[in-house]
Amino acid sequence: MKHIQLAKLYRTGQFIGFGLAVDGELLEQQVDTNISTEPSKLPYITANFYLKEQQAENPIIIHLD
């Protein structure tokens, strides 16, 4: 199983935000991310992505048993 990584994004040397990556590759179609923290809990990230029509029409099936 591959793990996601938090990526710090820079453009022309300036920090512009965070993204999500797998194996060092930024995930495509990401719109935004929010990192939330609460006392005594692990921080969590919420990411939003644009979903192309072909992706919505042809979802893959993954069995977790």
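With respect to the stated conditions, Glu25 fails to be modelled with pLDDT under 90 and out of contact with any Lys or Arg (no Cβ under 6 Å at 6 or more places or on another chain). In the stretch 1-28, what residues are over 15 Å from Ala47 (Cβ atoms) and aromatic (Phe, Trp, Tyr)? Of everything in the stretch 1-28, those that are over 15 Å from Ala47 (Cβ atoms) and aromatic (Phe, Trp, Tyr) turn out to be Tyr10, Phe15. Whenever a residue of the stretch 46-62 is under 25 Å from Ala7 (Cβ atoms), it has no partner that is at pLDDT 85 or above and of a type in the set (Lys, Arg) lying with C-beta atoms less than 9 angstrom away and at least six residues away or across chains. Among the strands (runs of 3 or more DSSP E) confined to the chain, the ones with at least 1 residues that are open to solvent by 100 Å² or more (accessible area, probe 1.4 Å) are located at 4-11, 14-22, 44-49.
The values are calculated or read from the model by the stated rules, or taken from the named source; none is laboratory data. All of these numbers come straight from a predicted model, not from anything done at the bench. Every residue, glycine as well, gets a Cβ built from its backbone with ideal geometry; the counts of neighbours run over all protein chains shown. SASA here: full protein model, heavy atoms, side chains in, ligands and nucleic acids out. Shrake-Rupley method; radii C 1.70, N 1.55, O 1.52, S 1.80 Å.
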